[in-house]
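Below is one structure, written out as structure tokens, with a few remarks after it.
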Amino acid sequence: MKKINECFEKKSYPEKVLQFGEGNFIRAFVDWMIADMNKTDNFNGSVVVIQPRKNNRVKILNEQDGLFTLYLNGIKKGEVISEYSVVDSISRGINTYSNYDEFLKIAENPELRFITSNTTEAGIVYEEKDRLEDRPQSSFPGKLTAFLYHRYQTFNGNVDKGFIFLPCELIDTNGAKLKEIILKLAKLWDLEEKFIEWINEANTFCNTLVDRIVPGYPKDKIEEITKKLGYKDKLVVEGEQFHLWVIQGPEWIKEEFPADKAGLNVLFTDDITPYRTRKVRILNGVHTSMVAISYLYGKNTVREAVEDPVVGKFIQDIVFEEIIPTLELPEKELEDFAQDVLDRFKNPFIKHYLMSISLNSMSKFKTRVLPSILQYQKINNRLPKRLVFSLSALITFYKGKRDNVKIDLQDSSDILSLYQNLWDNYDGTREGLEKVVERVLGYEKNWEMNLNDIDGLHRQTTDYLEMILEKGMKEAVQSFQ
């Protein structure tokens, strides 16, 4: 059987993008977008991929001439869709550990304009052991700083030869943090002040928010996929239909990076905060608030939960009646995003187990759900009953039993010890429940505040907890219908 690059003729584009990272996510996200922009003649550029770690994945990339197949599976506009395309935006890959000179030489290309990355959350770090003379530097920012210095020297500090940075690491203010480390390394290496001025004046570091589930290489069904495709591809990657890239930066960036004109879900804004809050409160918040309820109801996966007529309705009401009203973006925008989230939860191609997202549920509840409870109370002068019920369900979940079958609880040792002690000493009375709730709400190590001080929360949480224990989760949830 032929290889992918023996079956497709690849079009050549000027190298405009330097990309640190060759993994599944960035190929299924950034490289796919650039290929789409090329199809609509909005970009006319290709990507040079830099291997940031000591592996040799770019070897396979180069053997396939940068080509790979992307399957997008999921629900799109209410329909279940599985479709694939050949992504042809990558020109070549470079291993800095074996070809460092070629890496620096890219800096001499006057058409290079963008730098993107996905080096995991641990990638944007300051490594004080890095030196300019290293070949290569150990950290991603170290390699990047050396690259930028070579660019600066090549073009004699020309401010027109700076870059637009679009990092994809899942950390807050990723662009600002990357810039901060570059400047720190420049001072550590005692580089001239004019280079630091060039970094500040010639370059634009954008904070970004990325969102797409990418399960990766489909090893369990690659034989079936290969037979269907009719060619060999060692870099097949699967992703969901949904995608979102929020880019915080100057308005002019979207003229140079016209993803929105290609019909892609890329938003340009001067403040990424409300979009990050939207994702945390709706996508992550719903995940966390539904876990204990759905699992104790008898469901095992996210899809089973949202498709159940009772639990699914409860989850919908949490989103549209209790979370969305606390957010600042336009209501239509929030509702569209929420519907996309629910469609993603129903994706038949992804089996997302509730227990896999139950890890560290207490700390997740603090960051993802508690802010919605507090904001809802502030706006309405009353507590959101379903979100409070989800807190009661979580306390029940930490009893560690579902229908007398042990739950494999995954949390910090202090949280597990807290609950074991509380439930071991529970005497079965209303007064005993009140003590359990008081201790949980008062556990400031987790909440960073005493939740017993929130008007009505202790009583309402206790009421719902009593209901769950007396009637069972199914009847308790059905009482909200």
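The values are calculated or read from the model by the stated rules, or taken from the named source; none is laboratory data. Because the structure is predicted, anything quoted here is derived from the model rather than measured. As a convention, Cβ positions derive from the backbone with ideal geometry for all residues, glycine included, and neighbour counts pool all protein chains shown.
Residue-wise test of (1) out of contact with any Ser or Thr (no Cβ under 7 Å at 6 or more places or on another chain); (2) assigned to a helix (DSSP H, G or I); (3) more than 23 Å from GLY23 (Cβ to Cβ).
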residue	(1), (2), (3)
GLU224	yes, yes, yes
GLY239	yes, no, no
VAL246	no, no, no
LYS254	yes, yes, yes
PRO258	yes, no, yes
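Restricting to the range 153-180, and then to whatever is surrounded by fewer than 20 Cβ atoms within 10 Å (Cβ to Cβ) and of a type in the set (A, V, I, L, M), can you tell me which residue is farthest from the chain's Cα centre (by Cα)? It comes out as VAL159.
Of note, VAL319 does not satisfy the criterion of being assigned to a helix (DSSP H, G or I) and in contact with a Ser or Thr (Cβ under 7 Å, 6 or more places away or on another chain).
Mind counting the residues in the range 79-124 that are part of a loop (DSSP other than H, G, I, E, B), among the polar types (S, T, N, Q) and within 24 Å of GLN153 (Cα to Cα)? Looking only at that region, the number is 4.
Does VAL30 count as within 27 Å of the chain's Cα centre (by Cα), crowded, with 23+ Cβ neighbours inside 10 Å, outside any strand (DSSP E or B) and in the same structural domain as GLY175 (by TED's automatic domain parsing)?
When the stated conditions are applied, VAL30 passes them.
Considered as a group, the residues in the range 337-380 that are among the charged types (D, E, K, R) and in contact with a strand residue (DSSP E or B) (Cβ under 9 Å, 6 or more places away or on another chain) include one that is surrounded by the most Cβ atoms within 10 Å (Cβ to Cβ), and that residue is ARG344. Picking from residues in the range 1-27 that are of a type in the set (Asp, Glu) and surrounded by fewer than 16 Cβ atoms within 10 Å (Cβ to Cβ), the one that is farthest from PHE147 (Cα to Cα) is GLU6.
Surrounded by fewer than 18 Cβ atoms within 10 Å (Cβ to Cβ) and more than 23 Å from the chain's Cα centre (by Cα): does that describe SER82? Here the answer is no, as SER82 does not meet what is asked. In a residue-by-residue description of the range 218-226, the property of being farther than 30 Å from LYS161 by Cα, of a type in the set (A, V, I, L, M, F, W, C) and in contact (Cβ under 8 Å) with a residue 40 or more places away in the chain applies to at least one position. In a residue-by-residue description of the range 48-64, the property of being farther than 30 Å from THR145 by Cα, of a type outside the set (S, T, N, Q) and either modelled with pLDDT under 95 or assigned by TED's automatic domain parsing to the domain that holds PHE242 (or both) applies to no position.
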